[in-house]
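Here the structure comes first, spelled out in C-alpha cells, and everything after it is commentary.
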Amino acid sequence: MVAFLVVCWTDAVAADCVSPIQVHVSFAPGTVTVDAGKSSRKLEQIGIRSGAIHQLGVTRATPQHTVRIQIDERERCVRPVVTLQLTVRPLQVELARELEQSVCLRKYVLDHELQHVAIYNAAMTRAAVQVEREMRAQIIVPLERDGARAERLQAEVYERWLPRLEALVAQSAREHEALDVDQEARAHRACSSEIALVMKAVR
Ligand SMILES: [Zn+2]
C-alpha cells in the first residue's frame, strides 16, 4: 500500500474558483509467478477455498494501490486531480510439489488457478471503470484552502472509495464459486489415469 500526496498552491489563485475535478482510476494486472515448492499439506493450511483441487493449488493475490491527490492551479482556478492506480503484487500461484507426478493434473490445476486470476483481473478492471465514474460524479471538492483540501480529498478516497472498490470486486465471489463447482469430477475426467498417482503421493 503506497500513498502520495502532492499539494501545489500559490497566492495568485482565487480561493472560490474550483474547476471540475479530474479523476483517473486505472488497474494494471499483476504478473503471475508460479511456485511449486510446497507440499499439498502445507497448501491446505494456507488455502482459502476447500476441496481437493485447492489442496493442490492456491493463488495468492495482494492488491496494491497508489493514491495521488494533486491540487493544481492554472488560470487563477484550482483544479483537483485524483489519481488512483491499482495493481496486484505479488500474484503467486502455488502448485503442490506432488503434482510433479502428473503432467496432466499439474496443467489442470495451473489452468484452474489461472481462471481464478482471470476472474479477479476482470472484476478489478470493471470495478476501476465504475469507481472512476462514481467518483467523478459524486466527489464534492471541499472549500478549505491549501493542504486541508487535499487532506479531505485523500481521506474521502481512503474512507469511501477504496471500500467501494473492494465491495465491487467482492461481487465476483459468485464467479469464483461457479468455477469451483464439481472440480473433483472434472479433474477426474481430464486426468483420470494420473490422478490416483498424485493422490497417493499426497497421502
Ligand atoms: Zn478454484
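The values are calculated or read from the model by the stated rules, or taken from the named source; none is laboratory data. Because the structure is a prediction, the values reported are computed rather than measured. Counting neighbours? That spans all protein chains shown, and the Cβs are built from the backbone with ideal geometry, glycine included.
Annotations
- Lone qualifier among 84, 95, 110 - being of a type outside the set (Asp, Glu), crowded, with 21+ Cβ neighbours inside 10 Å and within 16 Å of residue 37 (Cα to Cα): 95
- Members of the range 3-30 found to be at pLDDT 95 or above and either touching an Asp or Glu at 6+ places or on another chain (Cβ under 6 Å) or exposed (fewer than 13 other Cβ atoms within 10 Å of the Cβ) (or both), listed by number: 23, 25
- When residue 142 is tested against (1) touching a Phe, Trp or Tyr at 6+ places or on another chain (Cβ under 8 Å); (2) part of a loop (DSSP other than H, G, I, E, B); (3) not hydrophobic (A, V, I, L, M, F, W, C), just one condition goes unmet, and that condition is (1).
- Some residue of the range 94-112 being of a type in the set (Ser, Thr, Tyr), part of a helix (DSSP H, G or I) and under 30 Å from residue 187 (Cβ atoms): yes
- Test result for residue 165, assigned to a helix (DSSP H, G or I), within 16 Å of the ligand (Cβ to nearest atom) and of a type outside the set (Lys, Arg): no
- Across the range 94-124, the number of residues qualifying as within 11 Å of the ligand (Cβ to nearest atom) and of a type in the set (A, V, I, L, M) comes to 4.
- Filtering the range 135-151 to residues that are of a type outside the set (Val, Ile, Thr) and buried (at least 17 other Cβ atoms within 10 Å of the Cβ) leaves 135, 149, 150.
- Residue that is in a strand (DSSP E or B) and either closer than 20 Å to residue 177 by Cβ or in contact with a helix residue (DSSP H, G or I) (Cβ under 7 Å, 6 or more places away or on another chain) (or both), where the choices are 67, 117, 78: 67
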